[in-house]
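Note sheet for the following structure.
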């Protein structure tokens, strides 16, 4: 079953809960690519990816905007 959760703002705890649910169904990724949002630089997210052994890569500050043109 595929699903997407979208919201205007998500807490780090919600992001971790959603990622745990996805990982339990599809397996853990090697790397997660994220922006610099507060939920991705929080202690909850950093602790989660360290505990799970998942590396993360932050996109550049303007990289998303550059790809849309």
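A short reminder: the numbers here are calculations on the coordinates, not readings from a lab. None of these values were measured; they are calculated from a predicted model. Neighbour counts are summed over all protein chains in view; Cβ atoms, including those assigned to glycine, are modelled from backbone coordinates with ideal geometry.
Once the chain from residue 54 to residue 20 is taken as fully extended at 0.36 nm per residue, the excess over their C-alpha distance is 11.1 nm. Of the residues 15, 34, 46, 4, the one with the fewest other Cβ atoms within 10 Å heads the list, and the complete ranking is 4, 46, 34, 15.
What does the C-alpha gyration tensor say about the overall shape of region 1-55? Classify as rounded when a/c is under 1.5, otherwise prolate if a/b is larger than b/c, or oblate. It is oblate, given that a/c is not under 1.5 and a/b is not larger than b/c. Computing FRET efficiency as 1/(1 + (r/R0)^6) for residue 31 and residue 4, where r is the C-beta to C-beta distance and R0 is 22 Å, gives about 0.65. Of the residues 45, 8, the one with the fewest other Cβ atoms within 10 Å heads the list, and the complete ranking is 8, 45. By other beta-carbon atoms within 10 Å, ranking 28, 43 with the fewest at the front produces 43, 28.
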